[in-house]
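The values are calculated or read from the model by the stated rules, or taken from the named source; none is laboratory data. Remember, predicted model here, so these are calculated numbers, not experimental data. Here the Cβ positions follow ideal geometry from the backbone for every residue, glycine too, while neighbour counts run over all protein chains shown.
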Amino acid sequence: MNTDILHRRLTMMQEAMLREGVDCFVAAPSVNMQYLTGFVEPAHERFMALLVPAEGEPVLIVPALSAESARQEAFGVGEIRVWEDHEGVDPVLREVAQEMDLAAAIIAIDEELPALFLLKLQQILPTALYRPGTEIWAAARIRKDEDELWHITQASRYADNAFAAGLALCAAGNTEREVACAIQAEIEAQGAEMAFGLPIVAAGKHSAQPHYRTTNTVLHPGDVVLMDYGARLNGYNSDMTRTVCIGEATPEIQKIYRIVYDAHYAARAAVKPGVTAESVDAAARAVIEKAGYDKFFVHRTGHGIGLSVHEPPYIVQGNKQILEEGMCFSVEPGIYLPGRFGVRIENVVVVTADGCRSLNAEPPPHIREIG
Ligand code: ZN
Ligand code: ZN
């Protein structure tokens, strides 16, 4: 891991902490720890956290069994403090808290910090003030550096590449799960993982449930099939949705697809540095509203993506966040007709100097009819 990059990331977060009046940010053994040190292990019952002071070097607290991994893999950390199973974390945590002078500190908490770890902090530091830490990490992570963009672009390419494998199984008689497994196998064959588990493959009326969970439902002629999935490479995620039809699509299905398609591109045309996140949502919504389907567009237009599948900036009404070059987010308008069918088209884009660039292949302008 390039320590210059890590140092830049730490500086951005510490600037945000000074701005927000935060004395310490506690990063969970999750994406924020990875972002700041290159090291991460899944959280378990043993306390592990990166304590980032507003000024000075972060301290990584790890249980003994993770010490060697941390020494090998964590960079940009001032100190690694190790606690033994038979002692518990309390003595080490008390020491670090004293050295950092946290007794009356304002401590920002990574939302992925396990509740048990927060309770431990509150027990050791009962007079500190605790608040959510989203603004602190988002101030840095919201703009992607070159290395991050490379990974998200690559993950998007893997997802695009896997689509043909899913399409090949989109046929009457096959099941949603068979289609999903074919996509997953193709992503894994390229050396990546899944961004958020098994692909969503929603056939027929299931496609009207935006966050449907794939089952063994059999595909039938005339079914709309919505596929939503992503690949993950070195922790960086992609996310895409395509909607197709088994056999011939009715005029209504064709019409709805075309509205969503136009909304998708209207949103992308609205993206450039200096505009608000909500203005991108408004651009997609205007197309769907004009067609009379606004009450069937039941979610925001998109979400930031990076080390988390969903992260700032959220492309939603009310979000005045100004878009900047290097921000990366999904554009995924949809129309869902309950009990009948739904259409969503999702690409991930990155904000460029004068607009945005899609990291996914382009969707076709008319719904794809298979077979
Ligand atoms: Zn998405
Ligand atoms: Zn998605």
Quick test for you: out of 102, 113, pick the one residue that is in contact (Cβ under 8 Å) with a residue 40 or more places away in the chain, part of a loop (DSSP other than H, G, I, E, B) and under 17 Å from residue 44 (Cβ atoms). 113
Just to be sure I understand, how many residues within the stretch 89-118 are surrounded by fewer than 14 Cβ atoms within 10 Å (Cβ to Cβ) and either outside the structural domain of residue 35 (by TED's automatic domain parsing) or closer than 26 Å to residue 141 by Cβ (or both)? 3
Which one is surrounded by the most Cβ atoms within 10 Å (Cβ to Cβ), of the residues in the stretch 292-314 that are within 12 Å of ligand 2 (Cβ to nearest atom) and more than 23 Å from residue 341 (Cβ to Cβ)? 305
Restricting the search to the stretch 188-211, which residues are surrounded by 20 or more Cβ atoms within 10 Å (Cβ to Cβ), closer than 18 Å to residue 165 by Cα and either modelled with pLDDT under 95 or away from ligand 1 (no atom under 16 Å from the Cβ) (or both)? 192, 203
Within the stretch 52-65, does at least one residue satisfy the condition of being touching a Cys at 6+ places or on another chain (Cβ under 6 Å) and within 30 Å of residue 312 (Cα to Cα)? yes
Please work out if residue 232 is among the charged types (D, E, K, R), within 16 Å of ligand 2 (Cβ to nearest atom), surrounded by fewer than 24 Cβ atoms within 10 Å (Cβ to Cβ) and in the same structural domain as residue 360 (by TED's automatic domain parsing). yes
For the stretch 150-258, please list each of the strands (runs of 3 or more DSSP E) lying entirely inside it that holds at least 2 residues being touching a helix residue (DSSP H, G or I) at 6+ places or on another chain (Cβ under 6 Å) and within 30 Å of residue 326 (Cα to Cα). 224-229, 231-233
Checking 214, 250, 241 in turn, the sole residue that is without any contact (Cβ under 8 Å) to a residue 40 or more places away in the chain, buried (at least 21 other Cβ atoms within 10 Å of the Cβ), in the same structural domain as residue 323 (by TED's automatic domain parsing) and not acidic (Asp, Glu) turns out to be 214
Looking only at the stretch 362-370, decide whether some residue is among the β-branched types (Val, Ile, Thr), touching a Cys at 6+ places or on another chain (Cβ under 9 Å) and either farther than 24 Å from residue 134 by Cβ or outside the structural domain of residue 150 (by TED's automatic domain parsing) (or both). yes
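I need the full set of residues from the stretch 278-330 which are part of a strand (DSSP E or B) and within 24 Å of residue 256 (Cα to Cα), in order please. Outline the logic, then answer.
Looking only at the stretch 278-330, we keep the residues that are part of a strand (DSSP E or B), and these are 302-304, 311-315, 322, 327-330.
Of everything in the stretch 278-330, those that are part of a strand (DSSP E or B) and within 24 Å of residue 256 (Cα to Cα) turn out to be 302, 303, 315, 329, 330.
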Subset of the stretch 328-371 (residues that are within 17 Å of residue 279 (Cα to Cα) and surrounded by fewer than 17 Cβ atoms within 10 Å (Cβ to Cβ)): 352, 354, 355
